[in-house]
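To keep things clear, I will list the structure first and then write my remarks on it.
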């Protein structure tokens with residue numbers, strides 16, 4: 001597996017459950033860009 005050795009402009013976290021997932025995207029300063037619950041059912 002390759003690992004990045006430099007900083008990225010964004011960070012993303014996903015909390016995945018059976019029927020929903022929660023997504024959060026932060027910029028490099030820690031400001032929240034996306035904070036949303038999404039239906040995971042297809």
Inset, instruction - Mind computing the radius of gyration and Dmax over the alpha-carbon atoms of the chain? Å is fine for both. - result: 13.0, 36
Inset, instruction - Give me the number: length gained by fully extending residue 26 to residue 3, i.e. 0.36 nm times residue separation minus the C-alpha to C-alpha distance, one decimal in nm. - result: 6.3 nm
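Any read-out appearing in this document is the output of simple, stated calculations on the displayed coordinates, not a laboratory observation. Here the structure is a predicted model, which means the values were calculated and not measured.
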